1. Which helices (runs of 4 or more DSSP H) sit wholly inside the stretch 1-80 and have at least 1 residues that are closer than 30 Å to Ile316 by Cβ and in contact (Cβ under 8 Å) with a residue 24 or more places away in the chain?
2. Restricting attention to the stretch 337-365, which residues are surrounded by 15 or more Cβ atoms within 10 Å (Cβ to Cβ) and either in a helix (DSSP H, G or I) or basic (Lys, Arg) (or both)?
3. If you take the residues of the stretch 141-166 that are assigned to a loop (DSSP other than H, G, I, E, B) and in contact with a Lys or Arg (Cβ under 6 Å, 6 or more places away or on another chain), which of them is surrounded by the fewest Cβ atoms within 10 Å (Cβ to Cβ)?
4. Quick one: would you say Arg83 is surrounded by 14 or more Cβ atoms within 10 Å (Cβ to Cβ) and more than 24 Å from the chain's Cα centre (by Cα)?
5. Among the numbered conditions (1) in contact with an Asp or Glu (Cβ under 7 Å, 6 or more places away or on another chain); (2) within 14 Å of Leu394 (Cα to Cα); (3) not acidic (Asp, Glu), tell me where Leu25 comes up short.
6. For the stretch 224-332, which fully contained helices (runs of 4 or more DSSP H) count at least 1 residues that are not assigned by TED's automatic domain parsing to the domain that holds Val352?
7. Answer with yes or no whether Arg40 is more than 19 Å from the chain's Cα centre (by Cα), among the basic types (Lys, Arg) and closer than 26 Å to Glu291 by Cα.
Amino acid sequence: MTTRIAYFINQYPQVSHAFIRREMLALERMGFEIERFALRGWDAEIIDEIDFQEQIRTRYVLENGVLPLAFSMLLRVIRSPLRFLDAMLLSIRMGWKADRPLPYHLVYLAEACHFLTWLQDREVDHIHAHFGTNSAEVVMLTHALGGPTYSFTVHGPLEFDRPYYLGIGEKIRHAAFVVAITSFCRSQLFRWVGHTHWPKIQVVHCGLEDEFFAGTFSHPSPTPRLVCVGRLCEQKGQLLLIEAAAKVASSGHDFKLVLVGGGEMRSEIEALVVRHGINDKVEFTGPVSTERLREELLKAQALVLASFAEGLPMVIMEAMALRRPVLSTFVAGIPELVVPGETGWLIPAGSVDDLATAMTEIITTPPERLHAMGNAAHARVVGRHSIDTEVARLADLFVKYARRTGSPI
């Protein structure tokens, strides 16, 4: 019998969530039936056609407002009062120690009631959420109400910053299993649950499709070109990157730094570029499609990320798959993939001088050396991040733990 899995995401689809789409499509290729659910995203602006198709296939809990949630909650009280009481007490426990007040967590309970009705209609065997935030809480409450077993994938860094307030330990204790995307990620989760729960935390890497691996080598732009891909926000360190770029420019080096992505700090970053007088060195693209991202990576000599906090960015895998070395920081799971001197450069986070030195090294490294590093990067990511290999591990966990009916807390 085919196993039916419900994926539950806070907002879907998004450009930054392409890895979730890859995962679901790979599972469908293996014969699983995947049902897509999200809280929000029905009205999101879509860049890629494939995401438009995903939007059509996704059901949205909040699309029709709060009345359906209230009705579902009342129905759950009437049909399963004891289970509802268990779930409500769990919701109160989550709200008691959270940074969000209790009413938010009661809303999550209402969302879970509504979500459970859909799951029962579709005869779902297991729920999987991405991220350990409110999406994981909704699926935990759904299980407490009598829904299927559940699991969730933790990426970081948000879960590492606020584990107590997010109730990460509680979510792990009630889960059938938990996926960590790196060994570092797993080690952080070990901190928030007892040793008896450690075996349920499994490492499954994010993956890339064969199309990324099969790409032929493309020569980058003759003018040294560095690309930074990521949301323009404090944790990505773009302000530090501009400071480093100014140092490199003051040494007389010719280069272009391309910042791909949008975000709340764009105006502040642009102001810093103007202050340093390096407008001719820095380019902002805003959000781009998957194809445009690929083009930007292929035109660059290397990917540069000055991140202060991360999980393991998908763009590092994508750049390496396209035979581009990576300059990044000794943060979280990044050192598990990037090997200094072989596939790229790693520097201490927060160091302008080290970042500027490494950027200068990239700019002055002979093309044949960059080419060799790019080939080594390609080989490493192929061996560690094939979507079919990684999803096969996830599929084994689904088959092992899927159970359609939950048990009382």
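1. It comes to 18-29, 49-57.
2. Val352, Asp354, Leu355, Ala356, Thr357, Ala358, Met359, Thr360, Ile362, Ile363
3. Applying the filter and picking the extreme gives Gly146.
4. Here the answer is yes, as Arg83 does meet what is asked.
5. Every listed condition holds for Leu25 apart from (1).
6. none
7. Spelling it out, it is not the case that Arg40 is more than 19 Å from the chain's Cα centre (by Cα), among the basic types (Lys, Arg) and closer than 26 Å to Glu291 by Cα.
Matching residues to (1) closer than 21 Å to Val66 by Cβ; (2) aliphatic (A, V, I, L, M); (3) at pLDDT 95 or above:
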site: Tyr108; (1), (2), (3): yes, no, yes
site: Glu111; (1), (2), (3): yes, no, yes
site: His114; (1), (2), (3): yes, no, yes
site: Asp121; (1), (2), (3): yes, no, no
site: His128; (1), (2), (3): no, no, yes
site: Ser135; (1), (2), (3): yes, no, yes
site: Val138; (1), (2), (3): yes, yes, yes
site: Leu145; (1), (2), (3): yes, yes, yes
site: Thr149; (1), (2), (3): no, no, yes
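The values are calculated or read from the model by the stated rules, or taken from the named source; none is laboratory data. What you see is a predicted model, and the numbers here were worked out from it, not measured in a lab. Backbone-built Cβ (ideal geometry, glycine too); neighbour counts: all protein chains shown.
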